[in-house]
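Engineer: First the structure, then my questions, so here it is.
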There are 6 protein chains.
Amino acid sequence: MRPSGRALNQPREIKITREFTKHAEGSVLVEFGDTKVICTATVETKVPQFLKGQGKGWVSAEYGMLPRSTGKRMQREAAKGKQSGRTVEIGRLIGRSLRAAIDLEKLGENSIHIDCDVIQADGGTRTASISGAMVALVDAVRYLQINKRITDDPVLHYVAAISVGMFNNEAIVDLDYIEDSQAQTDLNIVKTCKGGYVEIQGTAESEPFSSDQLQDMLSVADQSIAYIVKLQKQALDVIVD
Amino acid sequence: MRPSGRALNQPREIKITREFTKHAEGSVLVEFGDTKVICTATVETKVPQFLKGQGKGWVSAEYGMLPRSTGKRMQREAAKGKQSGRTVEIGRLIGRSLRAAIDLEKLGENSIHIDCDVIQADGGTRTASISGAMVALVDAVRYLQINKRITDDPVLHYVAAISVGMFNNEAIVDLDYIEDSQAQTDLNIVKTCKGGYVEIQGTAESEPFSSDQLQDMLSVADQSIAYIVKLQKQALDVIVD
Amino acid sequence: MRPSGRALNQPREIKITREFTKHAEGSVLVEFGDTKVICTATVETKVPQFLKGQGKGWVSAEYGMLPRSTGKRMQREAAKGKQSGRTVEIGRLIGRSLRAAIDLEKLGENSIHIDCDVIQADGGTRTASISGAMVALVDAVRYLQINKRITDDPVLHYVAAISVGMFNNEAIVDLDYIEDSQAQTDLNIVKTCKGGYVEIQGTAESEPFSSDQLQDMLSVADQSIAYIVKLQKQALDVIVD
Amino acid sequence: MRPSGRALNQPREIKITREFTKHAEGSVLVEFGDTKVICTATVETKVPQFLKGQGKGWVSAEYGMLPRSTGKRMQREAAKGKQSGRTVEIGRLIGRSLRAAIDLEKLGENSIHIDCDVIQADGGTRTASISGAMVALVDAVRYLQINKRITDDPVLHYVAAISVGMFNNEAIVDLDYIEDSQAQTDLNIVKTCKGGYVEIQGTAESEPFSSDQLQDMLSVADQSIAYIVKLQKQALDVIVD
Amino acid sequence: MRPSGRALNQPREIKITREFTKHAEGSVLVEFGDTKVICTATVETKVPQFLKGQGKGWVSAEYGMLPRSTGKRMQREAAKGKQSGRTVEIGRLIGRSLRAAIDLEKLGENSIHIDCDVIQADGGTRTASISGAMVALVDAVRYLQINKRITDDPVLHYVAAISVGMFNNEAIVDLDYIEDSQAQTDLNIVKTCKGGYVEIQGTAESEPFSSDQLQDMLSVADQSIAYIVKLQKQALDVIVD
Amino acid sequence: MRPSGRALNQPREIKITREFTKHAEGSVLVEFGDTKVICTATVETKVPQFLKGQGKGWVSAEYGMLPRSTGKRMQREAAKGKQSGRTVEIGRLIGRSLRAAIDLEKLGENSIHIDCDVIQADGGTRTASISGAMVALVDAVRYLQINKRITDDPVLHYVAAISVGMFNNEAIVDLDYIEDSQAQTDLNIVKTCKGGYVEIQGTAESEPFSSDQLQDMLSVADQSIAYIVKLQKQALDVIVD
């Protein structure tokens, strides 16, 4: 039995709310149970220096946590004058994951910048961020289309993310904070709606995990990925088949 | 006529939602129209170095804006490695204002740290922050009382804040972003529920303001301060007389 | 009776010495009693990025204190790698105050940068800085005129500043360090020679101040502002009427 | 055929040189072909603040590249005043990987800090770093044993790392820089000498990778891991079975 | 002939004014012609961490320039968040030079911190700083003696500094800015009142200098060092023999 | 007798290895006994902003130490976010010394950037750096000639550096760490192959040094400078006369 009482392959209740704030071209509140993240997408009609003149676009991302999104207050990174290694790492992961969803050629010389800001944390903030940011990204793409900045659809596929782990030698999905702190292994999986892997990051917390355990964890994730993609499409009023 | 269509002395719709996030000892979402700020209060059972051993407590505050809380995305201060002068200034203002609400002796050797994070900005973020943070502060004080860390009530009075300005030579209250950018003068007022001034900060935007204009602006603020205090007390289930 | 022995409305002896250092286009030593600040004005024949091509000029300011300008040595901000919130705040206040003195259109695409560096502090460094910097600013304007960079006079009015406070329930003017640390309220006022308000910043130090006290403080400042403007004009050999 | 002409499962020539520099308790030059990294291990007879008094030890790591270890010179991070996200990320990965090799209880209240500095880069610097640092770590443990700081052997198992990727739809091992820049997928694997996974980090560079491809890549790594462990043990004069 | 019209071995007019500001235990304005530096000495009745419990004291120094002490305004280092290499280098030089003047054992566990801040620069700011700081240092020592913190006299000898250079193949002393920018060589010499060398730092600006030129430059400095020591002692009311 | 057992005028065994790493245009490992420094030279076909359009080139340098190049580990400067004063100072010294070796006009609008990174320290890292960097610099110049970026030879002369000091009142050359920490004086000398002085930097460590001692130290250095120049030329296959 899991501490959360959920079935091994059962994710938390997941909610995706679009148009959460009014200024951004895409703005989503994503909730994985008690984990809540504001994901905004900002359109810029230019690209970073290293891409200029190549006719291609760019997708980048940054991540942050409100100081008291956690049980114990964390020092404000802006006040400290430095982002932690973890913060930078997650921002880079979100950016890479979302770039995999987009045909950068079809984006033209436009950039979409994603900001994921955790307002309440209960485990799985990075997978919630990627899953919610995907929806904000599509809204930003639509904004570019409506404003005739692009004509083709650069969205290659939807990307969703979930965490899995070993707990009492069973593979479980979408760990909350309590489960995460007791798990033997922590694995984050980012996949496309078509089942391709975009990112896989696993760390043995207490002792190494075996090949069999790895296979179990990979398997248990698939159902949740499909479920998240369905919610993403529903939120975006895409016909789900 | 004001751009917002409001009467000269009419503030925006103001909402105060307690227990907005689950971890902080006080957590408030405050809305002044489209301006939305999360105010959390964190209790620490210790005091800064300079107060140690004096039997007194402390109240401090920090302020931040999500990068896309504004119409145009602002660079993330944590990524830049530096808070802007404006950010630091507002954090200091919130801290001073709330310290005026508290008898630091009665707080004992405890600290309450306020974080005000703007998730959507439409003018008046600093006055909304102070007004919402006051409620989070009271929740943090109650937490200390319930946990028997303090016995006396250190709350001296409620503190609320509102902006006023000169627009077309009329004093108007609670300016939204559009009004603020066209106003001749920008004045922020922090008062107690008993009518005492805690802070007053005014800047002539285009041309100096006269003594008469200053008096008009001071007058127009009072009704809104009383209205906010009433909302603060309702939110906190304090009997309003 | 005030600790300084001065009358309630009596400022300290104020001295303004022009051409204090030789390199700057304007260079003033301003003394408010034992408070001594070097104010220099630097002319640049260009404007910041955000103003380019608009035919307008700019006035900016920075503030600093020598490490041992104070009774207890303060850490050198350059060595710490960071300006304090107070330092940035005062620099911004000086800049805003002096921009109010200048018609930026008439300044053309030129910038004047003010540096106020406190070499000895005894209370009121920000008001001394503004009052002295006004004179350095005029010298910089004259430099632009003599060098035919501008033809019109962009000086709209002289700007001067003074601090007021409540001490033993009496409004007193131009507080020195001892008085400032015992005052109930601290209010800084920046006005033009014509009596218009440019900035007003007040903080209740120990307890809130009433409307009546505010009025008393505003009144007691006026005589000193007029006195400082007279000294500014004398220093600049302007005919004083 | 691979650009390097190597067989799909053939790593580069790997060399591990102990006692490369004279001051550190462990000092190794590790070479994966043209990739060369100096790995030092520093013993400290104390632990970080968060571990004090728990009778446990700690292993931490930092990573760096000499500015001209690469084809194009990179700006010196010390001069820039900031480590890149990639630098911090790799340092954290090395630290986590090596902590998995050690029983921290048996280490007592001692710390071992690993520094991996790339003097020549040709792809795979992070896997070379981990593989070489393992040997420096064992030397540091031996130093603690010889100096009677610990009695038990805290080394749980040897940890080695290798990169794999998809190239022309074939899984290949230990990619050099040319291969890495053309690969479809980049996967770094850290395993113990007993076959357990410590870390797995994979990124789809151009398009998502399938489950089958993931399995192929996992398989092709195993032989190289075994080979590196054998070299580690030879370098350390451990009897290899 | 020198640009300044001075004889080859003739320094500028040098003035040393004690008690220039009121807070510091030693406060000196030193003038080498148009070069003007405020040197303050701050007494702390403790020592840095690395000296604790050894019964010895410490002397340290920092250097800075007001932004407009120079012909062209320099960016404020506190605003930039970083001291330049030159600034740090000169601070270290001043500290080393003054430590040579003091028997640190006799200073007891007390520290004296020197701040040298250039308010007007015209060449030779580092040599003026050292020469003026020596006087502030003695005043700080006297403060310690008067306050019974120390009984012995820790001043071993007076230290003074002067610059020399090659100009038109002649050795000249105490170069002003114009001379310095045209000189072939720049050599700074710090000596004691007894003729011992404390520091010697020479740089060939345009072409290497010969042994003979070095000897000439060393010779021409001696007379000026003696002159400065005489002024230091006069300023301090020490009987000059 | 010296602690190292060497004769007073006997430097350590000095080795210069070219093509130490493969990417840089010049790459040298220089060894002065146990002091080992990697010196790379990077060619850029552009110049810094302040030189643009003048037809002249530039030579700059940076210095660093691997954290465990020393007996006690030093904190990584990139992690601390700040270079020490010593680090910056030595980088500037190396840059100035090598610029003296080059006719910047003949270098055309090209830059050569030197990186000196100490991998093992045993005293004299700055003199080893300069001596080794000279060889990397010549390799970079040859690269520019082979690639037809320049036609003339900009190398004016070879520059070499050695440390000298007073030990037991005798002048000794090329001090190792043990000798350096016991020496009364520390003097670094940079000279050209023709005997001209480029830099001279001396510090009295414990007590001032006399003119006679200075002369002794200057004399003892000459033989070593000649020896290093011979090794530089041998390494570069220059015919030594």
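The values are calculated or read from the model by the stated rules, or taken from the named source; none is laboratory data. As the structure is a prediction and not an experimental result, all values here were calculated from the model. Every residue, glycine among them, receives a Cβ derived from its backbone with ideal geometry; neighbour counts consider all protein chains shown.
Engineer: Please count how many residues of segment A:218-237 are part of a loop (DSSP other than H, G, I, E, B) and within 10 Å of chain D (Cβ to nearest Cβ).
Structural biologist: Within segment A:218-237, residues that are part of a loop (DSSP other than H, G, I, E, B) and within 10 Å of chain D (Cβ to nearest Cβ) number 0.
Engineer: Which members of segment A:28-72 meet the condition of being in contact with an Asp or Glu (Cβ under 9 Å, 6 or more places away or on another chain), more than 17 Å from A:GLY123 (Cβ to Cβ) and β-branched (Val, Ile, Thr)?
Structural biologist: A:VAL28, A:ILE38, A:THR40, A:THR42, A:VAL43, A:THR45, A:VAL47
Engineer: What do you reckon, is E:VAL118 of a type in the set (Val, Ile, Thr), within 14 Å of chain C (Cβ to nearest Cβ), under 17 Å from E:SER27 (Cα atoms) and not in a loop (DSSP other than H, G, I, E, B)?
Structural biologist: yes
Engineer: Picking from F:GLU77, F:GLU31, which residue would you name as being facing chain D (nearest Cβ under 9 Å) and modelled with pLDDT of 95 or more?
Structural biologist: Being facing chain D (nearest Cβ under 9 Å) and modelled with pLDDT of 95 or more holds for just one of F:GLU77, F:GLU31, which is F:GLU77.
Engineer: Could I ask something else about it? Being surrounded by fewer than 24 Cβ atoms within 10 Å (Cβ to Cβ), in contact with a strand residue (DSSP E or B) (Cβ under 6 Å, 6 or more places away or on another chain) and either without any contact (Cβ under 8 Å) to a residue 24 or more places away in the chain or more than 24 Å from C:ALA133 (Cα to Cα) (or both) narrows it down to one residue among E:ARG73, E:ARG68, E:ARG86, E:ARG92; which is it?
Structural biologist: Residue meeting the stated conditions: E:ARG73.
Quick grid of which residues meet (1) of a type outside the set (Gly, Ala, Ser); (2) in contact with a Leu (Cβ under 7 Å, 6 or more places away or on another chain); (3) more than 24 Å from A:SER163 (Cβ to Cβ):
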residue	(1), (2), (3)
D:SER181	no, no, yes
D:THR185	yes, no, no
D:GLY196	no, no, no
D:ASP212	yes, no, no
D:ALA226	no, no, yes
D:LYS233	yes, no, yes
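Engineer: Sticking with this one: Do you know which residues across segment E:18-43 are without any contact (Cβ under 8 Å) to a residue 24 or more places away in the chain and hydroxyl-bearing (Ser, Thr, Tyr)?
Structural biologist: Passing the criteria: only E:THR21.
Engineer: Hey, among the residues in segment B:164-181 that are part of a loop (DSSP other than H, G, I, E, B) and modelled with pLDDT of 95 or more, which one's surrounded by the fewest Cβ atoms within 10 Å (Cβ to Cβ)?
Structural biologist: Filtering first and then ranking leaves B:ASP176.
Engineer: Might you check whether a residue that is surrounded by 24 or more Cβ atoms within 10 Å (Cβ to Cβ) and not hydroxyl-bearing (Ser, Thr, Tyr) occurs anywhere in segment B:144-154?
Structural biologist: No - not one qualifying residue is present in segment B:144-154.
Engineer: Within segment A:175-202, track down each residue that is without any contact (Cβ under 8 Å) to a residue 12 or more places away in the chain and out of contact with any Pro (no Cβ under 6 Å at 6 or more places or on another chain).
Structural biologist: Listed by number, the list holds a single entry, A:SER181.
Engineer: Counting only residues that are among the polar types (S, T, N, Q) and crowded, with 18+ Cβ neighbours inside 10 Å, which one in segment D:186-241 is farthest from A:THR203 (Cα to Cα)?
Structural biologist: Looking at residues that are among the polar types (S, T, N, Q) and crowded, with 18+ Cβ neighbours inside 10 Å, I get D:GLN232.
Engineer: If you don't mind, there's one more thing I want to ask. Those residues that are within 8 Å of chain B (Cβ to nearest Cβ), outside any helix (DSSP H, G or I), of a type in the set (Ser, Thr, Tyr) and farther than 17 Å from C:GLY124 by Cα, I need them from segment C:183-217; list them, please.
Structural biologist: Selection gives C:THR192, C:TYR197, C:SER210.
Engineer: Using the structure shown, decide if E:ARG126 is of a type in the set (Lys, Arg), surrounded by fewer than 20 Cβ atoms within 10 Å (Cβ to Cβ) and under 16 Å from the mean Cα position of the chain (by Cα).
Structural biologist: Here the answer is no, as E:ARG126 does not meet what is asked.
Engineer: Moving on. Which is farther than 23 Å from D:SER181 by Cα and either at the interface with chain F (Cβ under 8 Å from one of its Cβ atoms) or surrounded by fewer than 24 Cβ atoms within 10 Å (Cβ to Cβ) (or both), of D:VAL43, D:VAL59?
Structural biologist: D:VAL43
Engineer: Output yes when any residue across segment D:156-166 is more than 22 Å from D:LEU98 (Cα to Cα) and either free of Cβ contacts under 8 Å to residues at least 24 places away in the same chain or within 14 Å of chain A (Cβ to nearest Cβ) (or both), and no when none is.
Structural biologist: yes
Engineer: Next up: Please find, among D:GLU105, D:GLU89, D:GLU109, the residue that is away from chain F (no Cβ under 11 Å), within 14 Å of the chain's Cα centre (by Cα) and among the charged types (D, E, K, R).
Structural biologist: Testing whether each residue is away from chain F (no Cβ under 11 Å), within 14 Å of the chain's Cα centre (by Cα) and among the charged types (D, E, K, R) leaves just D:GLU89.
Engineer: Now a separate question. Can you find even one residue in segment F:7-24 that is crowded, with 23+ Cβ neighbours inside 10 Å, more than 30 Å from D:ALA140 (Cα to Cα) and within 14 Å of chain D (Cβ to nearest Cβ)?
Structural biologist: Looking for residues that are crowded, with 23+ Cβ neighbours inside 10 Å, more than 30 Å from D:ALA140 (Cα to Cα) and within 14 Å of chain D (Cβ to nearest Cβ), one finds at least one in segment F:7-24, hence yes.
Engineer: When residues of segment D:124-163 are filtered for being in a loop (DSSP other than H, G, I, E, B) and of a type in the set (Ser, Thr, Tyr), how many remain?
Structural biologist: The qualifying residues number 2.
Engineer: Exactly one of (1) at pLDDT 95 or above; (2) farther than 24 Å from C:ILE200 by Cβ is unmet by C:MET134. Its number?
Structural biologist: C:MET134 satisfies every listed condition except (2).
Engineer: What are the residues in segment E:157-192 that are closer than 26 Å to E:LEU137 by Cβ and hydroxyl-bearing (Ser, Thr, Tyr), if any?
Structural biologist: E:TYR158, E:SER163, E:THR192
Table: residues versus (1) of a type in the set (A, V, I, L, M, F, W, C); (2) out of contact with any strand residue (DSSP E or B) (no Cβ under 6 Å at 6 or more places or on another chain).
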site	(1), (2)
D:ALA7	yes, yes
D:ARG12	no, no
D:THR17	no, no
D:LYS36	no, no
D:GLU44	no, no
D:VAL47	yes, no
D:VAL59	yes, no
